[in-house]
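Below is one structure, written out as structure tokens, with a few remarks after it.
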Amino acid sequence: AQKVTQAQTEISVVEKEDVTLDCVYETRDTTYYLFWYKQPPSGELVFLIRRNSFDEQNEISGRYSWNFQKSTSSFNFTITASQVVDSAVYFCALSEAGGEYGNKLVFGAGTILRVKS
Amino acid sequence: NAGVMQNPRHLVRRRGQEARLRCSPVKGHSHVYWYRQLPEEGLKFMVYLQKENIIDESGMPKERFSAEFPKEGPSILRIQQVVRGDSAAYFCASSPKGGGNSPLHFGNGTRLTVT
């Protein structure tokens, strides 16, 4: 069975600090996809990134970066120079690639990030 | 281009009433997914539909919940005889095709409160 674990329930940082959100996953599939979503206080779900299991290249997008390591089944998310607007709940999610089940995502419990000014 | 549209944004129902949640997918998307977020919890998959077909309803409670995605019109998640435990945020997502490599576009959610 697929499982996503976000061990950090809540993280508080001061503005401009770097912060890393951990995500560990379990799957028996050899092909799968990993996602990060952001849920700001307004409640909507904002897509941040999708990574397939064959692509272990790290990715950087502005202040955001992602570190995917298949050897440790981890897909960690780092925010550099955090800002108050980064305060949100962040979800890591996993889906298998098979078309039969569509895009059935398994979400982690989420990490609440609070950035203080 | 309009994204996934969900309405109403907020819905209040008394115990025993029916709740109907609507989801209009991104134009051209024929795959719809419903997820539920209970208070203090992550999101849980409920049901996956294609036009006029339920593909996977393994996450749906066995009673009182139903979903449809007709040939014309929005997808509807229907909850009959609501109870307080149904209070949650319900998110709809759509994709142009099935498979894990299809990006999921989520709506803003419907927050259901049962009093």
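The values are calculated or read from the model by the stated rules, or taken from the named source; none is laboratory data. In this text, all values refer to a predicted model and were calculated from it rather than measured experimentally. Note: ideal-geometry Cβ built from the backbone for every residue, glycine included; neighbour counts use all protein chains shown. The area values use the complete protein model at the heavy-atom level, side chains included, leaving out ligands, DNA and RNA. Shrake-Rupley method; radii C 1.70, N 1.55, O 1.52, S 1.80 Å.
Some points to look at:
- Count of segment B:37-48 residues which are closer than 16 Å to residue B:79 by Cβ and open to solvent by 50 Å² or more (accessible area, probe 1.4 Å): 1
- Residue count, segment A:19-32 (criterion: within 11 Å of another protein chain (Cβ to nearest Cβ) and under 21 Å from residue A:7 (Cβ atoms)): 2
- The one condition from (1) under 21 Å from residue A:12 (Cβ atoms); (2) among the hydroxyl-bearing types (Ser, Thr, Tyr); (3) more than 14 Å from chain B (Cβ to nearest Cβ) that residue A:74 does not meet is (1).
- Being within 25 Å of residue B:109 (Cα to Cα) and at pLDDT below 95 is a property that does not hold for residue A:10.
- Selection of segment B:42-55 for residues being more than 7 Å from chain A (Cβ to nearest Cβ) and of a type outside the set (A, V, I, L, M) yields B:44, B:50, B:51, B:52, B:53.
- Segment A:56-93, residues that are touching a Lys or Arg at 6+ places or on another chain (Cβ under 8 Å) and of a type in the set (Ser, Thr, Tyr): A:80, A:82, A:87, A:90
- Residue match in segment A:89-96 (condition: closer than 23 Å to residue A:43 by Cβ, open to solvent by 30 Å² or more (accessible area, probe 1.4 Å) and modelled with pLDDT under 95): no
- First in segment B:29-55 and at positive phi, second anywhere and open to solvent by 10 Å² or more (accessible area, probe 1.4 Å), Cβ under 6 Å, 6 or more apart: B:52/B:71
- Among the residues of segment B:1-36, those that are under 12 Å from residue B:90 (Cα atoms) and open to solvent by 80 Å² or more (accessible area, probe 1.4 Å) comprise B:9, B:10, B:20, B:22.
- Residues of segment B:49-95 that turn out to be touching a helix residue (DSSP H, G or I) at 6+ places or on another chain (Cβ under 7 Å) and either at pLDDT below 95 or open to solvent by 30 Å² or more (accessible area, probe 1.4 Å) (or both), as a count: 1
Per-residue answers, yes or no, for (1) part of a strand (DSSP E or B); (2) open to solvent by less than 70 Å² (accessible area, probe 1.4 Å):
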site: A:17; (1), (2): no, no
site: A:30; (1), (2): no, no
site: A:34; (1), (2): yes, yes
site: A:49; (1), (2): yes, yes
site: A:56; (1), (2): no, no
site: A:60; (1), (2): yes, no
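- In the set A:42, A:71, only one residue is assigned to a loop (DSSP other than H, G, I, E, B) and either β-branched (Val, Ile, Thr) or over 15 Å from the mean Cα position of the chain (by Cα) (or both); that residue is A:42.
- In summary, residue A:52 fulfils each of the numbered conditions (1) in contact (Cβ under 8 Å) with a residue 24 or more places away in the chain; (2) within 11 Å of the chain's Cα centre (by Cα); (3) within 14 Å of another protein chain (Cβ to nearest Cβ) with the single exception of condition (2).
- Search result, residues across segment B:15-41 that are within 14 Å of another protein chain (Cβ to nearest Cβ) and among the aliphatic types (A, V, I, L, M): B:26, B:32, B:38
- Qualifying positions in segment B:65-85 - away from chain A (no Cβ under 14 Å) and either out of contact with any Lys or Arg (no Cβ under 8 Å at 6 or more places or on another chain) or of a type in the set (S, T, N, Q) (or both): B:66, B:72, B:73, B:80, B:81, B:85
- Residue within segment B:2-20 that is among the acidic types (Asp, Glu) and at pLDDT 95 or above present: yes
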